[in-house]
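Enquirer: Sharing a structure with you now.
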Amino acid sequence: MAEPAVKIPDAKVALSTASVYPESTATAFEIAARLGYDGVEVMVWTDPVSQDIEALRRLSDYHQIPILAVHAPCLLITQRVWSTDPWTKLQRARAAAEKLDASTVVVHPPFRWQRQYARDFVAGIWRMANETDVRFAVENMYPWRYRDREMLAYAPDWDVTKDDYRHFTIDLSHTATARTDALDMVDRMGDRLGHVHLADGRGSAKDEHLVPGRGTQPCAEVLERLALTGFDGHVVIEVNTRRAMSSAEREADLAEALAFTRLHLASAAKVPRR
């Protein structure tokens, strides 16, 4: 007879290098290895090491921690990182992913003021996706709010499920800021959901990136649903630890996030007794 057993899905749990800020990219590799993460996602930003493929390769080899994804430089503070041309940024992100054996490039939809880029974005992402085995996983964003005003800062839309992309990234801090239903968004993404940024939020106008379980998002429910549907992408811890009073406190937060994720990715399954 079969009996319930704990089954861990194939999804790997990675640490975003952004999660250790204001510490360095190099520190993220060290912490990920020490805590037992399956890999890292490199946020390409102003830290020169995050932009240097050979330096990243050396860190990966030294700590024996693979690079699973590359987050293209899409933030306001990375406007000049890897060129001012957004398509060049994506081409360099793809090249980095290919050289580092990362399976995914995470990309944000354009800002509205990037009009030409926004106009060609959906078709351009498909074009780039057809040229490589690397997944271009487009991430859900959110409206910008100030008091009672709301500005749509992203185009074609902050809700990426309204457009046709081969792969999506869902970010649960962004669903909180957008005040949208995360489980409903997971359903709309369906089998095109290829990547997860796991964090929490309370619905603030600010993008909070709390440790999972400290906000109002259904982080546990999302992880359990992924496990039950056989999700085989990556779950990336992308949290804000800037308020940590010490390196030890930061590391404790990242250990808690990893434990939460592994716990809820484990699902009850019936397996035959041997």
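The values are calculated or read from the model by the stated rules, or taken from the named source; none is laboratory data. Note that the structure is predicted; figures quoted are calculated from it, not measured. As a convention, Cβ positions derive from the backbone with ideal geometry for all residues, glycine included, and neighbour counts pool all protein chains shown. Just so you know, the surface numbers come from the protein's heavy atoms only, side chains and all, with ligands and any DNA or RNA stripped out. Shrake-Rupley method; radii C 1.70, N 1.55, O 1.52, S 1.80 Å.
Enquirer: When a/c is below 1.5 the answer is rounded, else prolate if a/b is larger than b/c, else oblate, so apply that to region 134-274 with a ≥ b ≥ c taken from the square roots of the Cα gyration tensor eigenvalues.
Expert: oblate
Enquirer: Which order do the peptides 118-125, 18-25 take when ranked by the mean count of other beta-carbon atoms within 10 Å per residue, highest first? Present the calculation step by step, with values, prior to reporting the outcome.
Expert: Numbers: 118-125: 16.4, 18-25: 20.4.
Highest-to-lowest ranking by the protection proxy: 18-25, 118-125.
Enquirer: Taking the Cα centre of region 165-250 as the origin, how large is its charge dipole in debye, to the nearest 20, when only Lys and Arg (+1) and Asp and Glu (-1) carry charge on their Cβ atoms?
Expert: 320 debye
Enquirer: Kindly identify region 1-140 as rounded, prolate or oblate by the Cα gyration tensor criterion: order the square roots of the eigenvalues as a ≥ b ≥ c, call it rounded if a/c is under 1.5, otherwise compare a/b with b/c, prolate if a/b is larger, else oblate.
Expert: It comes out oblate by the Cα gyration axes.
Enquirer: Sum up the charges of everything whose Cβ sits under 10 Å from the Cβ of PRO73, counting Lys and Arg as +1 and Asp and Glu as -1, but leave PRO73 out.
Expert: My count for the surroundings of PRO73 gives +3.
Enquirer: Let me ask another. How much area per residue is accessible in the chain when the probe is 1.4 Å and only protein heavy atoms are counted (Å²)?
Expert: 48 Å²
Enquirer: Accessible area of the chain with a 1.4 Å probe: how many percent of it is carbon plus sulfur?
Expert: Looking at the chain in its full context, I get 50 percent from C and S.
Enquirer: Toward the positive end of the charge dipole of region 31-118, about the Cα centre and with charges on Cβ (Lys, Arg +1; Asp, Glu -1), which of PRO48, PRO109, HIS63 goes farthest?
Expert: Result: PRO109.
Enquirer: Return the sequence-ordered ³J(HN,Hα) values of region 160-171 in whole Hz as given by the Karplus equation 6.51 cos²θ - 1.76 cosθ + 1.60 applied to θ = phi - 60°, using x for Gly and Pro.
Expert: 5, 6, 7, 10, 9, 10, 6, 9, 10, 10, 9, 10
Enquirer: Restricting to the chain, what percent of DSSP beta bridges are antiparallel, rounded to 5?
Expert: Among the beta bridges of the chain, antiparallel pairing accounts for roughly 30 percent.
Enquirer: Against the 2.2 N^0.38 Å scaling, with N counting residues, where does the chain land? I'd like the Cα-based Rg ratio to two decimal places. Before the final figure, lay out each step's value.
Expert: Working: Rg = 18.1 Å, N = 274, 2.2 N^0.38 = 18.6 Å.
For the chain, the normalised Cα radius of gyration comes out at 0.98.
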